[in-house]
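To keep things clear, I will list the structure first and then write my remarks on it.
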Amino acid sequence: MTFDPKMMAQMVGGSGFIAALDQSGGSTPKALAAYGIGEDAWSNEEEMFGLIHDMRTRIVTAPSFSGRKVLGAILFEKTMDGEADGKPVPQLLWERGVVPFLKVDQGLEDEAEGVQKMKPLTRLDELIAKARARGVFGTKMRSVINHANDEGIHAIVTQQMMAANQILEGGLMPIVEPEVNIKSPSRGEAERMLLKHLTAALDGMDPGKRVMLKLTLPEEDDLYAPLVAHPHVARVVALSGGYEREEANAKLAKNRGMIASFSRALLQDLRADMDDAQFDEALGGAIDEIYAASVCNG
């Protein structure tokens, strides 16, 4: 279990945030629609993913998108496999100072016990090997908690941590993402249950092992402070969870030690018909705002 020391140092102690550029499957049409590209612009899945790759290429090659404020970027597999400016995307990112991560989950199960576990990770070993060969530093995998069901939340944490250990053994840094739905009617209780189960799982980890956590911005400010300080946690990052950027940033600023890992809140002002200067101005403005919220609470 060896990590690139420069990438590790950046992820543990760097100032900035992680860009989530890993929309896939059902979320891709929504991402393209928000970008100003309707479903009439493609006739099959290959064309759809080509359009989203063009959008991501434009983002990662924009002058404002660099390691000065963007510590890392989470990629969809097709993006990892693709090129930007004639280079493999992970290579281009790291040349710009941005640490590459790969989304490795294969979607969500139907809800049971108030949660949606990950579908079986049948390709995990394959994806670990593929990511390592391309210079990727870590992975990300997402589950969803819809209700404060103790058994369901325990099951989600158990599944996530089992996969995290497999990823660590494969030489990558896992981002564990048990998202709490911001519309949950029992959200506060669910978040406290999640804190309990994550703490227990982390306490049981082998010495020297660390994971990253990606969590919904909690209802109670600083609820996850014990996780930020936990010896088995390399970094705690926050998902925007459907909040607009202004609200997400305001909530992030109240949670010490957490940094952003935003998707929609990062990309919400970008449009396909912008010229390059307009595009970079909009992206750079979003980066500046999210960076400021990520570093003001350290």
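The values are calculated or read from the model by the stated rules, or taken from the named source; none is laboratory data. Small disclaimer: the values here were computed from a predicted structure and weren't measured. When we count neighbours, we look across all protein chains shown, and the Cβ atoms used for this are built from the backbone with ideal geometry, even at glycine.
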#### Entry: Single residue of A200, A190, A164 found to be among the hydrophobic types (A, V, I, L, M, F, W, C), surrounded by fewer than 20 Cβ atoms within 10 Å (Cβ to Cβ) and either part of a helix (DSSP H, G or I) or at pLDDT below 95 (or both)
A200
### Task
Determine if segment 145-156 includes at least one residue that is more than 18 Å from V211 (Cβ to Cβ), β-branched (V, I, T) and out of contact with any Pro (no Cβ under 7 Å at 6 or more places or on another chain).
no
### Query
Quick check, is V211 β-branched (V, I, T), closer than 23 Å to K69 by Cα and surrounded by fewer than 20 Cβ atoms within 10 Å (Cβ to Cβ)?
no
### Message
Please go through segment 203-212 and give me each residue that is more than 13 Å from E177 (Cβ to Cβ) and not in a helix (DSSP H, G or I), ordered by number.
### Response
G204, M205, D206, P207, G208, K209, R210
### Task
May I ask you to say which residue of A31, A41 is touching a helix residue (DSSP H, G or I) at 6+ places or on another chain (Cβ under 7 Å) and either surrounded by fewer than 19 Cβ atoms within 10 Å (Cβ to Cβ) or of a type in the set (F, W, Y) (or both)?
A41
### Task
Please find, within segment 97-130, the residue that is nearest to the chain's Cα centre (by Cα) out of those that are crowded, with 16+ Cβ neighbours inside 10 Å and of a type in the set (S, T, N, Q).
Q106
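Taking the condition of a type in the set (V, I, T), assigned to a strand (DSSP E or B) and either in contact with a Ser or Thr (Cβ under 9 Å, 6 or more places away or on another chain) or free of Cβ contacts under 8 Å to residues at least 60 places away in the same chain (or both), does I175 pass?
Yes; evaluated as a whole, the condition is true for this residue.
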### Message
Can you pull out every residue in segment 201-243 that is touching a strand residue (DSSP E or B) at 6+ places or on another chain (Cβ under 7 Å), farther than 25 Å from T2 by Cβ and touching a residue at least 60 places away in the same chain (Cβ under 8 Å)?
### Response
L239, G241
### Task
Working only within segment 82-126, note down all residues that are touching a residue at least 12 places away in the same chain (Cβ under 8 Å), part of a helix (DSSP H, G or I) and farther than 22 Å from E179 by Cα.
V89, P90, Q91, L92, L93, W94, D125
### Task
For segment 139-187, enumerate the residues that are of a type in the set (K, R) and within 14 Å of the chain's Cα centre (by Cα).
K140, R142
### Message
Quick check on segment 9-25. Is at least one of its residues outside any loop (DSSP other than H, G, I, E, B), of a type outside the set (F, W, Y), more than 27 Å from E244 (Cα to Cα) and touching a helix residue (DSSP H, G or I) at 6+ places or on another chain (Cβ under 9 Å)?
### Response
no
